[in-house]
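Input: a single structure, listed below in structure tokens.
The values are calculated or read from the model by the stated rules, or taken from the named source; none is laboratory data. Note that the structure is predicted; figures quoted are calculated from it, not measured. Methodologically, a virtual Cβ is constructed for each residue, glycine included, from the backbone with ideal geometry; neighbour enumeration extends over all protein chains shown.
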Amino acid sequence: MKTLLLLLFPVLILAQTPNYPDTLFSKSAPPIPCFVTGLDESRLAFIYNDGRTNSALWEKLNRVHIGGLGLVYTTGDGFLFELAEIKSALHTPPAQLTEAPAEIQFSESQAAPTKPAETENRWSLGILMLPSDMEATYTEYEFYDYDSFYLYTRTSRYLPKYEAQLTYRITDQFALTLNSGYSSQYVKSRYEHFSDDKDGDYDSDSGQETTNSLSLFKFDIGIKYYLKPVISKKVSPFVTLSLGKQIASAIDEEKELYDETPPEYPVISDYEKFLEQINSPLLLSAGFGAEYFVNESLSFTTNFKVTYDIIKAKFTTVQENDDYKTTNKYTKKSSEFITLVGVGLHLHF
């Protein structure tokens with residue numbers, strides 16, 4: 001019997017310990033689990049620590065969590081619910097809680113913080129992986145002139161798969177973002193042909209070296225709005241909106257290796273400029289996602305983003321001979337939607 005009582009004693013003690021549904025957060029004291037028993041626009045009253053009572057001004061608290069409502073007040077945003085709704089969510093303290101002298105006092109000199117109430121970390125630096133990208137190849141131009149000269153223009157447009165994101169949080173729910181990404185392709189090819197006449201009457205060597213390069217730098221500035229305030233170890237959904245630009249740098253060179261004689265009627269074009277223009281769209285993006293805060297310094301995100309891009313590019317070729325001057329102009333205008341899906345890792349400081 002004594003053994004049974006010893007085993008049941010901790011259970012009986014725990015059963016008499018109240019489960020406090022509410023929590024107050026202040027700079028001048030640790031988090032206070034409690035029962036909030038009353039409130040008005042200036043202060044709230046609460047019972048804590050097995051029956052002790054106290055009251056506090058709202059402005060002296062960083063944030064307040066109430067029962068099933070969750071976060072109801074922050075210094076940055078004020079009340080997140082109507083006072084009547086907060087009052088209706090208050091729990092009745094159990095009968096075993098008795099009144100005792102108040103012990104915790106909130107410092108009157110404590111000023112309302114200007115930083116987000118949930119965390120002192122305003123800044124974050126993150127890496128976004130966006131593997132769902134847009135890759136498209138276009139045959140842009142082809143023409144024949146009197147010498148049967150032809151030219152093909154092929155371009156490949158894509159967005160960087162990885163982005164860096166710098167975020168500055170203004171309040172618990174509103175932040176500014178700066179995203180940037182870089183990608184580059186470089187291809188250099190060489191072809192050579194040697195033909196020797198065994199009699200020594202005719203030798204023909206030819207070859208060509210081509211260099212193609214396309215470098216892309218993307219950036220955008222946007223806003224990020226959390227649908228509910230950020231709380232450590234909780235998931236906070238968000239929506240985003242941003243405006244950006246991609247800037248391209250292109251190289252398209254072709255060199256004859258063994259024929260030093262210049263062409264009689266060369267073609268002059270601004271093909272490199274065309275490549276840069278067609279790969280430098282204006283970007284308007286909107287998206288949504290969710291962010292899980294492991295703690296105040298680390299979070300993970302899932303991201304879904306739809307980007308609308310606008311492109312305008314011009315291409316001109318000029319060829320002259322003794323009798324004619326031929327000019328060809330081509331203009332391309334296009335717009336399209338691109339869907340990006342990815343994940344991110346953010347460090348907060």
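The table below gives the values:
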{"item": "Criterion (among the hydrophobic types (A, V, I, L, M, F, W, C), surrounded by 15 or more Cβ atoms within 10 Å (Cβ to Cβ) and touching a Phe, Trp or Tyr at 6+ places or on another chain (Cβ under 6 Å)) met by exactly one of Phe238, Phe293, Phe219", "result": "Phe238"}
{"item": "Of all residues in the range 44-65 being closer than 20 Å to Ala95 by Cα and among the β-branched types (Val, Ile, Thr), the one that is modelled with the highest pLDDT", "result": "Ile47"}
{"item": "Residue satisfying condition, being more than 26 Å from the chain's Cα centre (by Cα), assigned by TED's automatic domain parsing to the domain that holds Thr177, over 30 Å from His193 (Cα atoms) and assigned to a strand (DSSP E or B), within set Lys312, Lys273", "result": "Lys312"}
{"item": "Condition met for Thr339 (part of a strand (DSSP E or B), β-branched (Val, Ile, Thr), modelled with pLDDT of 90 or more and in the same structural domain as Ile223 (by TED's automatic domain parsing))", "result": "no"}
{"item": "Verdict on Leu275 being surrounded by 14 or more Cβ atoms within 10 Å (Cβ to Cβ), at pLDDT below 90 and under 30 Å from Leu128 (Cα atoms)", "result": "yes"}
{"item": "Residue within the range 173-190 that is hydrophobic (A, V, I, L, M, F, W, C), at pLDDT 80 or above and over 30 Å from Ser242 (Cβ atoms) present", "result": "yes"}
{"item": "Candidates Val318, Val343 - the one that is more than 16 Å from the chain's Cα centre (by Cα) and exposed (fewer than 15 other Cβ atoms within 10 Å of the Cβ)", "result": "Val318"}
{"item": "Residue, surrounded by the most Cβ atoms within 10 Å (Cβ to Cβ), within the range 296-315, restricted to residues that are hydroxyl-bearing (Ser, Thr, Tyr) and out of contact with any Leu (no Cβ under 6 Å at 6 or more places or on another chain)", "result": "Ser299"}
{"item": "Where Thr240 falls short, out of the listed (1) of a type in the set (Val, Ile, Thr); (2) in a loop (DSSP other than H, G, I, E, B); (3) in contact (Cβ under 8 Å) with a residue 60 or more places away in the chain", "result": "(2)"}
{"item": "The range 30-43: number of residues that are surrounded by 14 or more Cβ atoms within 10 Å (Cβ to Cβ) and touching a Phe, Trp or Tyr at 6+ places or on another chain (Cβ under 7 Å)", "result": "7"}
{"item": "Residue match in the range 249-269 (condition: more than 29 Å from Asn321 (Cα to Cα) and surrounded by fewer than 18 Cβ atoms within 10 Å (Cβ to Cβ))", "result": "yes"}
